[in-house]
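These notes are about the structure you will find just below.
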Amino acid sequence: MNKFFAAFIKEVLLLIRDRAGIISLFVMPVILVFVMTVIEDSALNSTVDKQISMLFCNSENDSLGIAIKKGLNETKAFTIFEEVDGKKLDKQSLEHFVAEGKFPVGVYIPEGATDTLRSNARKVVLKTFSEIGLTSETNNAYNFDSVVIQIYYDPAVRNSLKALVDGAIGQHSAVIVGKMLSGMYSEVLSDFLPGGKKLNVNYPEMITVNRQYASEPDNSIIPNSTQHNVPSWTLFAMFFILIPLASSIIQEKDGGTYMRLVTMPSTYTTTFIGKITVYFIVCLLQVTILFSMGAYLIPYAGIPGLQLGSHFDALLLVVFTASYAAVAFGVLMGAFCTSYQQAASIGVILIIVLASMGGLWMPVYLMPKTFQHILVYSPLNWPLTSFYDLFLRDAGVKEVLPNVFKLFLFGTGCFIVAFSYKALKKIK
Amino acid sequence: MNENTVIEIINLSKTYKGNHKPSVDHISLNISRGEIFGLLGPNGAGKTTTISILCGLFAPSKGDVYIDGLSVRKNKEQVKNIIGIIPQDIALYPSLTAKENLQFIGRMYGLKSKVLKERILKYTEFLGMQESLRKKINTFSGGMKRRINLVAGLLHEPKIVILDEPTVGVDVQSRNQIVQYLRELNRNGTTILYTSHYLQEAESLCSKVAFMDNGKIIIRGTPQQLISGCPGCQTLEEVFLKLTGIDLRD
């Protein structure tokens, strides 16, 4: 044990004295996580939950316009502007601002729209009653005037946004039409009631939409910037230890220290375990620092903080196995590379490729479908998916076990290959 | 094995994989207790390979080495406790201080804190390094590094010290101090096996020498025996050149 601690302390001292290593392991990831979370926040929000600026001109100021505006506000998808630069919008200015690209969308409710709608509703009711012989109105009374709600789009606007606006307006218009029709039926039917009684039909809410996240793994859930960037860049930093770790192994191998270590009565394994223990602890520290930053510091930038979920045991399991895999990968690189320069250049390229393959650079749902199939082969995707499961779906140990198992196998595979290669070289 | 023999090399050969020519070719050698034995030869002669086999770094292809009666093939771990290695490369961590390096090495040899502290003081005092104990190795001169490298191999007070070019690349003062210290060590009963290119140094230091070339021992004896046995030779260096030739070696 004394020998292990000696090796451990030696490795800690070597790491502390390596300023560039400390910067790359701790300082750079902190900056990277913060900057990437803030930068990607706006990009992700544009596809997730960022409010879209919308011009709105209600020239009639009656029920239809008010109801549509209220409905649009309730979606929380839009920020509605009824005036620009202190000037109230009219049809012309609204179209002008959208055409200039200052706003992606503008909605114009024409004058008298509600009256027209009301008139149309009355005609529908009277026509119905006439057809069943309750009234004696003539067919001439049933000419309908269509109400045109004008929506102006910036040509650069995506189809998904158009569908969202069209859907929201269509939905709230339909609600108004429904209410007007029921009101009109009540009004006309009241004429047939004895003693001047008034019929008042109030529709109950017939359909309730209940939104909740599926507890079963569901890849359609989209993380926000913090939920994506904090675990992603934390994993990137964890696997980045392969460069200092591999370099440390190579420097020991190249310098005379390896010869001294293997000719000492203690086994080289003791020194080696001391070394990898330090880097394992580095990984745990990285997670602690970066996740704490995500939870407590990121909110100061006006971005939602990282929620770690409620299954701390599952979180620890993922962090431990991801650290194990990262350290093992570093050892593998240390076994194969013959110089620091080689480890640094190959290491950087490997991490970047695996990170992009693993969905660290860009959330999975933004990747091409064909590429999404490759994700499962990146060891960086396994812990990332598990973090998503833990943070977004409140998954537990059972749900993360398959990825934990993959990480463990990957790490063990790396160690086996590294030691076999080393043993083979020794025989040579 | 003679009771006085502390290192016995028997028919030792080593051929690296992919090489046809052996680096060490059937050598046999006895080194007696309390000797300073010089293993000398040009570059590529097989000295470092021989030393590496003695330390247990490589397994021999043929033959065996007995150190204090223990086979390096069968008793590698026990042999490691008997010998102290001072490698040709500076086997120290540059970003650690001299003290931190020595503490690490001492602990790896299983020394207790108190003993380790005493030995660090003892050896560094002799080599004039006490003032520099708290300085990092990467701030040291070549001579200082060599001296700490030497101390590191002696902390566990081995019976046999194996030195591979211990004075290479150091100034005359440092070399003189190292040589003096090796003599002192030998006076206290330590057997020393030493390789060097400095034949003048070997001539004054070693009680016996062997010349190696092309993996073979070409001659052995005391420096005086070798000089007197070589007509026209005044120094060990002249004997060496006569035996190994003047052609440059890789």
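Taking other residues whose beta carbon is less than 9 angstrom from the beta carbon of B:THR15, and scoring Lys, Arg as +1 and Asp, Glu as -1, yields +3.
In terms of its C-alpha gyration tensor, region A:51-196 has a prolate overall shape, because the principal axis ratio a/c (a ≥ b ≥ c, square roots of the eigenvalues) is not below 1.5 and a/b outweighs b/c. A simple rule links phi to the HN-Hα coupling: the Karplus curve 6.51 cos²θ - 1.76 cosθ + 1.60 with θ = phi - 60°, which for region A:282-292 gives 4, 4, 5, 5, 4, 4, 4, 5, 6, 5, 4 Hz, with x for Gly and Pro. Cysteines in chain B lacking any other cysteine Cβ under 4.7 Å from their own Cβ: B:CYS55, B:CYS206. For A:VAL84, the residues whose amide H sits under 5 Å from its own are A:LEU89, ignoring neighbours fewer than 5 places away on the same chain, with H placed 1.01 Å from N. What the Cβ-Cβ distance of B:LYS159 and A:GLN342 gives, at R0 = 35 Å and to the nearest 0.05, is a FRET efficiency of 0.30.
Pairs from the table (A:LYS275/B:LYS136; B:LYS17/B:LYS208; A:LYS253/B:LYS208; B:LYS14/B:LYS76; B:LYS47/B:LYS74) lying more than 25 angstrom apart at Cα are B:LYS17/B:LYS208; A:LYS253/B:LYS208. Here's the picture: charge each Lys and Arg Cβ at +1 and each Asp and Glu Cβ at -1 in the protein assembly as shown, and of B:LEU199, A:ASN120, B:ASN149 the one pushed furthest to the positive end of that dipole is B:LEU199.
In this entry, chain A is assigned a mean projected area of 30.7 nm², taken as a quarter of its C-alpha convex hull surface.
Amide H contacts of A:LEU308 (H built 1.01 Å from N, in plane; Pro and chain starts excluded): no residue 5 or more places away or on another chain comes under 5 Å.
Farthest toward the positive end of the dipole of region A:293-428, out of A:GLY294, A:PHE408, A:VAL397, is the Cα of A:PHE408, where the dipole comes from beta carbon charges about the Cα centre. Less than 5 angstrom separates the built amide H of B:ILE7 from those of B:ILE31, B:ASP68, all sequence-distant by 5 or more or on a different chain. Mind checking which of B:ILE137, B:ILE83, B:GLY110 is farthest towards the positive end of region B:83-139's charge dipole, using Cβ charges of +1 (Lys, Arg) and -1 (Asp, Glu) about the Cα centre? Selected residue: B:GLY110. Rounded to the nearest Hz, the phi-derived 3J(HN,Hα) couplings of region A:232-245 under the Karplus curve 6.51 cos²θ - 1.76 cosθ + 1.60 (θ = phi - 60°) are 4, 6, 5, 5, 4, 5, 4, 6, 5, 4, 4, 6, x, 5, where x marks glycine and proline.
If you place +1 on the Cβ of every Lys and Arg and -1 on the Cβ of every Asp and Glu, how big does the dipole about the Cα centre of region A:51-196 come out, in debye to the nearest 20?
Details: 14 positive and 18 negative charges, 75 e Å.
Approximately 360 debye in magnitude.
Extension gain, A:SER119 to A:ILE151, is 9.2 nm, computed as 0.36 nm per intervening residue step minus the present C-alpha separation. The string of couplings for region B:222-234 from the Karplus curve (6.51, -1.76, 1.60, θ = phi - 60°) is 6, x, 5, 4, 5, 5, 5, x, 10, x, x, 9, 9 Hz, one whole number per residue in order, with x for Gly and Pro.
Across the alpha-carbon atoms of chain B, the computed radius of gyration and Dmax are 18.1, 56 angstrom.
Within the same chain, lysines fewer than 8 places from A:LYS198 are excluded, and of the rest, those with a Cα less than 22 Å from its Cα are A:LYS123, A:LYS127, A:LYS179. Taking the helices alone, chain A has a mean residue ellipticity at 222 nm of -20500 deg cm²/dmol, built from -39,500 (n - 2.57) per DSSP H run of at least 4 residues and averaged over all its residues.
Fully extended, how many nm does the chain gain between A:PHE192 and A:ILE16 (0.36 nm per residue separation, minus their Cα-Cα distance)? Don't skip to the end; give the middle numbers.
On the way: separation 176, 0.36 × 176 = 63.36 nm, distance 9.18 nm.
So the extension gain works out to 54.2 nm.
Evaluate the charge dipole of region B:34-127 about its Cα centre and quote only its size in Debye, nearest 20, assuming +1 on the Cβ of each Lys and Arg and -1 on the Cβ of each Asp and Glu.
Details: 13 positive and 8 negative charges, 64 e Å.
Dipole of region B:34-127, to the nearest 20 debye: 300 debye.
For B:SER28 and B:LYS242, the FRET efficiency from 1/(1 + (r/R0)^6), where r spans their Cβ atoms and R0 equals 30 Å, is about 0.80.
Taking label positions 7 Å along the Cα-Cβ direction at both A:ASN159 and B:LYS76, the computed distance is 6.8 nm, reported to one decimal.
Simple point charges give the picture: +1 on the Cβ of Lys and Arg, -1 on the Cβ of Asp and Glu, and for region B:5-244 a dipole about the Cα centre of about 800 debye. Computed from label points 7 Å out along Cα-Cβ, the spacing between A:ILE80 and A:ALA99 is 2.5 nm. Can you spot the aspartates and glutamates whose alpha carbon is less than 13 Å from A:LYS3's alpha carbon? Ignore those fewer than 8 places along the same chain. Qualifying aspartates and glutamates at Cα under 13 Å: A:GLU11.
Overall shape: oblate for region B:29-86, with the ratio a/c of the largest to smallest alpha carbon gyration tensor axis at 1.5 or above and b/c at least equal to a/b.
Averaging the sequence gap over all C-alpha pairs within less than 8 Å and six or more residues apart, then dividing by the number of residues, gives region B:5-244 a relative contact order of 27 percent.
Here's the list of lysines a cross-link from A:LYS369 could span, going by alpha-carbon distance under 27 Å and ignoring same-chain residues fewer than 8 apart: A:LYS50, A:LYS162, A:LYS406. Could you pull out which residues in region B:81-122 have an amide N less than 18 Å from a spot 7 Å beyond the Cα of A:ASP254, following the Cα-Cβ vector? In region B:81-122, the label zone of A:ASP254 (backbone N under 18 Å from the point 7 Å along Cα→Cβ) covers B:88-96.
Any read-out appearing in this document is the output of simple, stated calculations on the displayed coordinates, not a laboratory observation. No experiment lies behind these values; they were computed from the predicted model shown. Positions of Cβ are backbone-derived with ideal geometry, glycine not excepted, and every protein chain shown enters the neighbour counts.
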